[in-house]
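Below is one structure; the comments refer to it alone.
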Amino acid sequence: MKKTVHLMGIGGTGMVSLAGMFQETGWNVRGSDSKIYPPTSTELERLKIPVAEGYKPENLQPPPDLVIVGNVVSRGNPEVEALLKTSIPYTSMAQALAKYFLEGRRSVVVAGTHGKTTTTSLLAWILLKGGRDPGLFVGGMPKNFGQGYRIGSGEPFVVEGDEYDTAFFEKSPKFLHYTPQDVIITSIEFDHADIYRDLDHVIEQFEKLVALLPKEGTLLAWGGSDTVKKICSKRKDGEPQYYGCDSCHDWRALDTRVTSTGTAFDVEYQGKILTHIESPLLGKHNVLNAVAAIGMATKLGVNPEDSLKAVSTFEGIRRRQEFLGEARGVRVYDDFAHHPTAVAETLAAFRPMADARKGRLWAIYE
């Protein structure tokens with residue numbers, strides 16, 4: 001008899017991915033949330049997963065075998081309070097992912113303030129094209145995969161490592177639950193002011209993540225941040241490797257230039273050119289994301305030629321530089337950037353395109 005799982009707060013991008021994975025492995029899946037919107041609402045419709053609108057005690061009837069509690073809900077929520085009065089087992093999204101999908105796999109965690117979703121998805125795409133059949137769990141909708149998850153049968157499982165807290169009953173970052181064997185750190189800045197008091201508080205969480213790595217695991221981090229390097233230097237077993245654009249970095253992007261279709265650059269590893277890359281993605285930040293993904297994929301056994309083919313065919317993430325259409329000569333893009341640094345990098349990425357068209361760049365911020 002099939003088991004049933006109920007996801008409370010199912011409309012989050014990570015929760016939708018988890019719901020799809022449970023469904024793919026044979027569970028009956030249902031959920032509840034307040035009003036949800038595309039792309040998560042359309043993904044749940046595609047998966048034909050029933051969703052109760054609004055949090056109510058009756059959503060727990062008939063009683064499921066397991067409840068996944070999203071971090072969007074807290075004490076005082078009527079459905080949460082009803083759950084706590086029952087004997088129904090419950091857990092968080094991060095804990096469920098670790099228990100039901102990461103056990104027995106090589107957990108590759110991509111963490112950082114910026115670039116997690118793109119780097120995670122691109123790394124999984126490279127591993128797939130390199131014949132490694134990876135798992136994938138990401139808080140977004142990668143266009144190449146058509147969904148934010150992939151179970152796969154290969155050893156590596158690539159996970160977007162969110163530093164946001166896990167659930168009302170587990171106030172630690174999600175990424176600490178993933179038992180990482182390899183880690184990419186893309187950047188570290190102050191973010192999530194609702195749960196972190198200052199930058200030092202954020203740094204503490206990344207230090208805990210680095211401390212979880214086994215000696216044989218790879219730690220690959222952005223070398224353009226003194227904060228990132230300080231954290232990585234505290235690793236007790238194994239030397240970190242750094243990526244960036246400077247000659248002191250192990251993995252380096254060279255000769256970056258804007259093309260008619262995106263961005264071109266060379267990838268160098270410890271002084272040796274490995275491959276020339278043509279990427280449809282725009283901006284220096286996406287060059288760095290690609291170098292990080294190529295570096296980790298190489299460490300996991302993918303050759304540079306396969307990385308080249310994968311990067312050149314990577315279509316990006318929905319709501320990340322997503323082209324919506326053109327009307328009367330005006331090209332319209334949608335981008336999720338909201339942190340000040342991410343907004344600045346996104347605008348810098350689009351500026352050359354506007355200049356080439358001899359037009360203006362408008363930023364409409366929602």
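The values are calculated or read from the model by the stated rules, or taken from the named source; none is laboratory data. All values derive from a computational prediction rather than experimental measurement. Note that each Cβ is placed from the backbone with ideal geometry, even for glycine, and that neighbours are counted across all protein chains shown. All accessible areas refer to the heavy atoms of the entire protein, side chains included, with ligands and DNA or RNA removed. Shrake-Rupley method; radii C 1.70, N 1.55, O 1.52, S 1.80 Å.
Odds and ends about this structure:
- One residue stands out in the stretch 228-242 among those that are over 20 Å from the mean Cα position of the chain (by Cα) and under 19 Å from G271 (Cα atoms): the one that is most open to solvent (accessible area, probe 1.4 Å), namely E239.
- Filtered residue count, the stretch 35-66, keeping only those that are within 17 Å of P78 (Cα to Cα), open to solvent by 20 Å² or more (accessible area, probe 1.4 Å) and of a type in the set (A, V, I, L, M): 2
- Within the stretch 150-173, the set of residues being assigned to a strand (DSSP E or B) and either more than 12 Å from the chain's Cα centre (by Cα) or not hydrophobic (A, V, I, L, M, F, W, C) (or both) comprises R150, P156, F157, E160, G161, D165, T166, A167, E170, K171, S172, P173.
- Count - residues of the stretch 329-365 that are modelled with pLDDT of 80 or more, under 29 Å from F190 (Cα atoms) and open to solvent by 90 Å² or more (accessible area, probe 1.4 Å): 6
- When residues of the stretch 253-266 are limited to those that are open to solvent by 50 Å² or more (accessible area, probe 1.4 Å) and in contact with a strand residue (DSSP E or B) (Cβ under 6 Å, 6 or more places away or on another chain), the one farthest from Q321 (Cα to Cα): D255
- Failed criterion for D33 (all others in (1) farther than 24 Å from K171 by Cα; (2) within 24 Å of the chain's Cα centre (by Cα); (3) charged (D, E, K, R) hold): (1)
- Filtered residue count, the stretch 105-127, keeping only those that are surrounded by fewer than 20 Cβ atoms within 10 Å (Cβ to Cβ) and either at pLDDT below 95 or touching a helix residue (DSSP H, G or I) at 6+ places or on another chain (Cβ under 6 Å) (or both): 0
- In the stretch 347-366, the residues that are over 13 Å from T263 (Cβ atoms) and of a type in the set (S, T, Y) form Cβ pairs under 9 Å with partners that are open to solvent by less than 90 Å² (accessible area, probe 1.4 Å) and part of a helix (DSSP H, G or I), at six or more places apart or across chains, as follows: Y365/V343.
- Of residues in the stretch 313-328 being open to solvent by less than 50 Å² (accessible area, probe 1.4 Å) and modelled with pLDDT of 85 or more, the one nearest to L127 (Cα to Cα): F314
- In the stretch 277-294, residue nearest to Y242 (Cα to Cα) [restricted to those that are without any contact (Cβ under 8 Å) to a residue 60 or more places away in the chain and hydrophobic (A, V, I, L, M, F, W, C)]: V291
- Identity of the residue in the stretch 203-227, touching a residue at least 60 places away in the same chain (Cβ under 8 Å) and in a helix (DSSP H, G or I), that ends up surrounded by the fewest Cβ atoms within 10 Å (Cβ to Cβ): L209
- Residue that is farthest from the chain's Cα centre (by Cα) [pool: residues in the stretch 267-279 that are closer than 22 Å to S187 by Cα and open to solvent by less than 30 Å² (accessible area, probe 1.4 Å)]: E268
- Single unsatisfied condition, V159 versus (1) of a type in the set (V, I, T); (2) at pLDDT below 95; (3) crowded, with 21+ Cβ neighbours inside 10 Å; (4) within 29 Å of V80 (Cβ to Cβ): (2)
- Residue satisfying all of: in the stretch 259-270; within 20 Å of G224 (Cβ to Cβ) and outside any loop (DSSP other than H, G, I, E, B); modelled with the lowest pLDDT among these: T263
- Options E43, E58: the member that is touching a helix residue (DSSP H, G or I) at 6+ places or on another chain (Cβ under 6 Å), over 30 Å from L220 (Cα atoms) and among the acidic types (D, E): E43
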